[in-house]
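Reviewing the structure listed below.
The values are calculated or read from the model by the stated rules, or taken from the named source; none is laboratory data. Predicted model only: the values in this text are computed from it and were never measured. A quick note on method: Cβ atoms are made from the backbone with ideal geometry, for glycine too, and the neighbour counts reach across all protein chains shown. Note: accessible area is taken over every heavy atom of the protein model, side chains too, but ligands, DNA and RNA are not part of it. Shrake-Rupley method; radii C 1.70, N 1.55, O 1.52, S 1.80 Å.
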Amino acid sequence: MKNRTHLFAYILLNILIASATTLTILWLWEQRNPRQTAPQGAVTPLSTTPGESQSANPTPAVEDPIEPELTFVSKDIDIQIRKVVGAGDLEMEYVEIYNQSQGPLNLSNWQLTDEDENIFIFPALILNSEGAIKVYSKKGTNTVIELHWQADAPIWSSGETATLLDATDVRIATYSIP
């Protein structure tokens, strides 16, 4: 019976310490990252056209979703296809893309293409400055430094040109495979 009392006290003490620690961390986070809320009693006006009255229970307008602008993402694009390795060997071949820009680049929906109209579309991806990503032709699981085309056969061959297009289909870089 004495062991149960000690166990209960230990569990209770553990819960209290964990709760206090969590609350302290949340309080510190809130102090460093305050929420941006309207002051108490502030009213957000509805936009109306002249002569139009506001109803007592207005229906909020449905807005198109707006993608936030990533202010840390570089607007000056300096990216290159550094190399194509293992062309013709599905298990070995990959394309290495290197970001030489001063800041990170958003590669979401960019395309890597070959001359045979094979297209790889990049998933949501931010490539840091001086960072590189490898795009393997073979099947596999994507990671933060490796993407997989999921191809059944090799994509690249000697003499072919790899092309990198941005999300608006503007050619950003090319690489001729030796």
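Condition first: within 30 Å of LEU147 (Cα to Cα) and either at pLDDT below 70 or of a type in the set (Lys, Arg) (or both). Can you find one or more residues in region 28-45 that meet it? The answer is no; no qualifying residue exists.
Please list, ordered by first then second residue, the pairs with beta carbon atoms under 8 Å, 6 or more apart or interchain, first in region 7-22 and open to solvent by 80 Å² or more (accessible area, probe 1.4 Å) and in a helix (DSSP H, G or I), second of a type outside the set (D, E, K, R) and at pLDDT 90 or above. Sorted first by the residue in region 7-22, then by its partner, the list stays empty. Using beta carbons and a limit of 9 Å, which pairs, at least six apart or on different chains, have the first residue in region 152-173 and free of Cβ contacts under 8 Å to residues at least 40 places away in the same chain and open to solvent by 50 Å² or more (accessible area, probe 1.4 Å) and the second one among the small types (Gly, Ala, Ser) and in a strand (DSSP E or B)? Close Cβ pairs (under 9 Å, with a partner that is among the small types (Gly, Ala, Ser) and in a strand (DSSP E or B)) amount to GLY159/SER176.
Residues that are surrounded by fewer than 18 Cβ atoms within 10 Å (Cβ to Cβ) and without any contact (Cβ under 8 Å) to a residue 12 or more places away in the chain are absent from region 99-113 altogether. Taking region 128-162 as the range and being touching a Gly at 6+ places or on another chain (Cβ under 9 Å) and within 14 Å of ILE81 (Cα to Cα) as the test, only TRP156 passes. Scanning region 133-151 for residues that are within 18 Å of the chain's Cα centre (by Cα) and open to solvent by 40 Å² or more (accessible area, probe 1.4 Å) yields a count of 7. Screening LEU165, LEU90 for residues that are in contact with a strand residue (DSSP E or B) (Cβ under 8 Å, 6 or more places away or on another chain) and of a type outside the set (Ser, Thr, Tyr) leaves exactly one candidate, LEU165. Condition test on GLU96, is it surrounded by 10 or more Cβ atoms within 10 Å (Cβ to Cβ), in a strand (DSSP E or B) and at pLDDT 90 or above? So GLU96 fits the description; yes.
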